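Trainee: Before I ask anything, let me first share the structure, which is written out below as C-alpha cells.
The values are calculated or read from the model by the stated rules, or taken from the named source; none is laboratory data. Given the structure is predicted, the values throughout are model-derived calculations rather than measurements. Note that each Cβ is placed from the backbone with ideal geometry, even for glycine, and that neighbours are counted across all protein chains shown. Only protein heavy atoms, including side chains, enter the accessible area calculation; ligands, DNA and RNA are left aside. Shrake-Rupley method; radii C 1.70, N 1.55, O 1.52, S 1.80 Å.
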Amino acid sequence: MANELKAKDKQGIDLSNLPSHVAIIMDGNGRWAKKRGFPRVYGHKKGVENVREIVETCADLGVKVLTLYAFSTENWIRPKSEIAGLMSLLGKYLVSEEKTLNDNNIRLRTIGDTGALPKPQRELLEKTMRSTEKNTGMVLNLALNYGSRQEIIRAFGILVEKGVQRASEQDISSSLYTAGLPDPDLLIRTSGEQRLSNFLLWQMAYGELYITDVLWPDFKPQELYKAIKDFQSRHRRFGGIKAVQT
Ligand code: IPE
Ligand code: IPE
Ligand code: MG
C-alpha cells in the first residue's frame, strides 16, 4: 500500500528516498581516450561534457548536493601539459556554465585548497560562486585541489587556533571544507577502481559505495539512475539491526 503511494518517477526511482548528497569520483577519462587512440586531455574534455549532463540530471531529480572530485592534491604529480589542459577545461566550464547553473537554480561552491589554483581559475570560481550564491536549488560542490588528509590537518589547525581542547565530532565536521553540508549518502566511483583516493575520508563514515566499470565520459544519466536504484535497494543500518531511512 505505502509503496503505491510513493512518488515514483524516472526509471523506477523512488523520489521520496533520494540520496540527499551524491559524491562522484569521476575517474577513467585517460583510459577512455587511450582506448580510442586520443590524447588524455581529449578524454578530460569529454569528461567535462559529461559533467554538464550529470549536473543537470541530478538537479532535475532533486538531489540536494552533488560533490564532484575534479582535481586531487595528488594530481599535481601529473605531466605539466595534462595539468594545464585540466585547468583550461575548468576555466572554460566555468565560463560556459554560469548561465546554465543560474537557469537551473544551482549554487556553486568548492572544497579543497583552491588558493593554489592558477589565478584566472581562482577568479572565475569567485565570479561564478558570487553569481550563483542566491540560488536555492542544488549545491554543486567542486572538489578542486582537494585531499581529505590535507582537509583534516587544516581542521586541526582551525581547532587549535580556536583553543578547542577536546574536539567533538561536530567540532571536526564544522572545521572541514564541507562544513554545513550533509555527509554523502552515496559515493559513486567510475572506471572500476576500488579505493577512495583521499576523498571525503571523514565524511564517508557511513556513506554507501557504488563502483562501476563504466568510464566517466560514458557515465550517462542512465548509469546514474542505475546507481541511485542500487542505493535505494540497500539497507542502511548505521551499526544497528534495522534499516534506517534517511
Ligand atoms: C579522472 O580521470 C580525472 C582526473 C583525475 C582529473 P583520469 O585522468 O584519472 O583517468 P584514468 O584513471 O587515467 O583513466
Ligand atoms: C581520483 O582519481 C581523483 C579525481 C578523480 C579527481 P585518480 O585517477 O587521481 O586516482 P588514483 O590515482 O587512481 O587513485
Ligand atoms: Mg584515474
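Trainee: Which condition from (1) open to solvent by less than 20 Å² (accessible area, probe 1.4 Å); (2) more than 16 Å from ligand 1 (Cβ to nearest atom); (3) among the hydrophobic types (A, V, I, L, M, F, W, C); (4) in a loop (DSSP other than H, G, I, E, B) is the one that PHE199 breaks?
Mentor: (2)
Trainee: What is the one condition in (1) away from ligand 2 (no atom under 16 Å from the Cβ); (2) closer than 24 Å to ASP113 by Cβ that GLY239 does not satisfy?
Mentor: The single condition GLY239 does not satisfy is (2).
Okay, residues lined up against (1) within 13 Å of ligand 2 (Cβ to nearest atom); (2) β-branched (Val, Ile, Thr); (3) touching a Phe, Trp or Tyr at 6+ places or on another chain (Cβ under 9 Å); (4) under 14 Å from LEU144 (Cβ atoms):
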| site | (1), (2), (3), (4) |
| --- | --- |
| GLY12 | no, no, yes, no |
| LYS35 | no, no, no, no |
| VAL48 | yes, yes, yes, yes |
| VAL55 | no, yes, no, no |
| ASN75 | yes, no, no, yes |
| GLU82 | yes, no, no, no |
| GLY91 | no, no, no, yes |
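Trainee: Is one or more of the residues making up the stretch 20-35 among the charged types (D, E, K, R), away from ligand 3 (no atom under 11 Å from the Cβ) and at pLDDT 95 or above?
Mentor: Taking every residue of the stretch 20-35 in turn, at least one turns out to be among the charged types (D, E, K, R), away from ligand 3 (no atom under 11 Å from the Cβ) and at pLDDT 95 or above.
Trainee: Can you tell me how many residues within the stretch 192-208 are within 21 Å of GLY47 (Cβ to Cβ) and either touching a residue at least 12 places away in the same chain (Cβ under 8 Å) or under 13 Å from the mean Cα position of the chain (by Cα) (or both)? Explain how you work it out, then say what you get.
Mentor: Our first condition is that a residue be within 21 Å of GLY47 (Cβ to Cβ); within the stretch 192-208, this holds for 192-200.
Subsequent filtering for residues that are either touching a residue at least 12 places away in the same chain (Cβ under 8 Å) or under 13 Å from the mean Cα position of the chain (by Cα) (or both) retains 192-194, 196-200.
Result for the stretch 192-208: 8.
Trainee: Of all residues being within 16 Å of ligand 1 (Cβ to nearest atom) and assigned to a loop (DSSP other than H, G, I, E, B) in the stretch 16-30, which is nearest to GLN245 (Cα to Cα)? Just the residue, please.
Mentor: Pass one, the stretch 16-30, residues within 16 Å of ligand 1 (Cβ to nearest atom): 23-30.
Now drop any that are not assigned to a loop (DSSP other than H, G, I, E, B), which leaves 26-28.
Numbers: MET26: 27, ASP27: 29, GLY28: 32 Å.
Per the stated criteria, the residue is MET26.
Trainee: If I go through the stretch 81-104 residue by residue, how many of them are open to solvent by 50 Å² or more (accessible area, probe 1.4 Å), away from ligand 1 (no atom under 16 Å from the Cβ) and more than 14 Å from VAL48 (Cβ to Cβ)?
Mentor: So the answer is 4.
Trainee: Is it true that GLU49 is open to solvent by 20 Å² or more (accessible area, probe 1.4 Å), closer than 30 Å to SER16 by Cβ and under 16 Å from the mean Cα position of the chain (by Cα)?
Mentor: On the way: open to solvent by 20 Å² or more (accessible area, probe 1.4 Å): yes; closer than 30 Å to SER16 by Cβ: no; under 16 Å from the mean Cα position of the chain (by Cα): yes.
In short, no.
Trainee: On to the next question. Give the stretch 158-194 a look and list any residue that's charged (D, E, K, R) and open to solvent by 30 Å² or more (accessible area, probe 1.4 Å), or say none.
Mentor: GLU161, LYS162, ARG166, GLU169, ASP171, ASP183, GLU193
Trainee: Being of a type in the set (A, V, I, L, M, F, W, C) and either in contact with a helix residue (DSSP H, G or I) (Cβ under 6 Å, 6 or more places away or on another chain) or exposed (fewer than 14 other Cβ atoms within 10 Å of the Cβ) (or both) is the filter here, so list the residues in the stretch 105-123 that pass it. Working first, answer last.
Mentor: Here is the first cut: in the stretch 105-123, the ones of a type in the set (A, V, I, L, M, F, W, C) are 106, 108, 111, 116-117.
Hits for the stretch 105-123 are ILE106, LEU108, ALA116.
Trainee: Out of everything in the stretch 210-246 that is of a type in the set (A, V, I, L, M, F, W, C) and free of Cβ contacts under 8 Å to residues at least 24 places away in the same chain, what residue ends up being surrounded by the most Cβ atoms within 10 Å (Cβ to Cβ)?
Mentor: Restricting to residues being of a type in the set (A, V, I, L, M, F, W, C) and free of Cβ contacts under 8 Å to residues at least 24 places away in the same chain, the top hit is ILE211.
Trainee: Mind checking which residues of the stretch 153-191 are within 16 Å of ligand 3 (Cβ to nearest atom) and either of a type in the set (A, V, I, L, M, F, W, C) or free of Cβ contacts under 8 Å to residues at least 40 places away in the same chain (or both)?
Mentor: LEU187, ILE188
Trainee: Contact list please: Cβ distance under 7 Å, first residue in the stretch 24-50 and farther than 22 Å from ALA227 by Cα, second residue of a type in the set (Phe, Trp, Tyr) and more than 10 Å from ligand 1 (Cβ to nearest atom), pairs at least six apart or on different chains.
Mentor: ALA33/TYR42
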